[in-house]
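**Q** Dropping the structure in here first, questions after.
The values are calculated or read from the model by the stated rules, or taken from the named source; none is laboratory data. This is a predicted model, so every value here is computed, not measured. Quick reminder, even Gly has a Cβ in these numbers, built from the backbone with ideal geometry, and neighbours come from all protein chains shown.
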Amino acid sequence: MHADEQYFFEMLAAGADGYVTKQVAAEDLVEAIQAVASGQVYLQPALASWLLSDYLRLRTQCQEQERASPGATLADSISNGLKALSKRELQVLERVAQGMTSVQIGEALGISPKTVARHRERIMSKLNMHSSAELVRFAIRTGLIDAG
């Protein structure tokens, strides 16, 4: 597969048991196939750092949420994230997560690409996210889009 975080997290969300890039060495590919065939999970070591980074980011968000609202769970945090977004921001987020460009989103919603960009910035600010890959993961986790 591609060495791209978005593909990586989409495949994991879709239920993949393994993930390697196209550049993987032949012996690592064989190891991955054997691991998955025997019911194990295999992630190319270089890509495991993405999973760790995502976990650490989520843990930090949960800790911040816990300080703000003692007893809150990750589900609460995700739910609050969705509630923080306006109807239009949810529409933009859904289309961003589907891979649409700002021009395509603007055409679909009848707004300018600059307005789309402003909505995207506000979404990222409200959700404390910094990349489209994070937005895609959030949209998948919340069920806003289907990864399958």
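**Q** Within the range 118-132, identify whether any single residue is part of a loop (DSSP other than H, G, I, E, B) and in contact with a Phe, Trp or Tyr (Cβ under 8 Å, 6 or more places away or on another chain), and answer yes or no.
**A** Pass one, the range 118-132, residues part of a loop (DSSP other than H, G, I, E, B): 128-131.
The next check asks that each one be in contact with a Phe, Trp or Tyr (Cβ under 8 Å, 6 or more places away or on another chain); those that pass are 129.
Yes - at least one qualifying residue is present in the range 118-132.
**Q** What pairs come out if I take residues in the range 117-133 that are over 16 Å from T101 (Cβ atoms) and pair them with residues that are surrounded by 18 or more Cβ atoms within 10 Å (Cβ to Cβ) and of a type in the set (G, A, S) whose C-beta lies under 7 Å away, six or more apart or interchain?
**A** That search, which allows pairs on different chains as well, returns L127/G81.
**Q** Could you tell me which residue of the range 61-72 is modelled with the lowest pLDDT, considering only residues that are under 16 Å from F138 (Cβ atoms) and surrounded by fewer than 17 Cβ atoms within 10 Å (Cβ to Cβ)? It would help to see each step written out before you state the result.
**A** Of the residues in the range 61-72, the ones under 16 Å from F138 (Cβ atoms) are 61-62, 64-65.
Keeping just the survivors that are surrounded by fewer than 17 Cβ atoms within 10 Å (Cβ to Cβ) gives 62, 64.
Values: C62: 65, E64: 70.
Residue satisfying both the conditions and the ranking: C62.
**Q** What are the pairs, 6+ residues apart or on separate chains, where a residue within the range 84-111 that is modelled with pLDDT of 85 or more has its Cβ under 7 Å from a residue that is of a type in the set (S, T, N, Q) and not in a helix (DSSP H, G or I)?
**A** Within 7 Å, the pairs are G106/S112.
**Q** Something else now. Which residue is nearest to T142 (Cα to Cα), if the candidates are limited to the range 82-112 and must be of a type in the set (S, T, N, Q) and assigned to a helix (DSSP H, G or I)?
**A** So the first thing to find is which residues in the range 82-112 are of a type in the set (S, T, N, Q), and the list is 86, 91, 98, 101-102, 104, 112.
Pick out the ones that are also assigned to a helix (DSSP H, G or I) and you get 91, 102, 104.
Details: Q91: 14, S102: 22, Q104: 23 Å.
Restricting to residues being of a type in the set (S, T, N, Q) and assigned to a helix (DSSP H, G or I), the top hit is Q91.
**Q** Can you tell me which residue within the range 92-140, out of those that are surrounded by 18 or more Cβ atoms within 10 Å (Cβ to Cβ) and not hydrophobic (A, V, I, L, M, F, W, C), is farthest from L52 (Cα to Cα)?
**A** G106
**Q** Looking at the range 47-60, can you tell me whether even one residue there is at pLDDT below 75 and β-branched (V, I, T)?
**A** Looking through the range 47-60, none of the residues is at pLDDT below 75 and β-branched (V, I, T).
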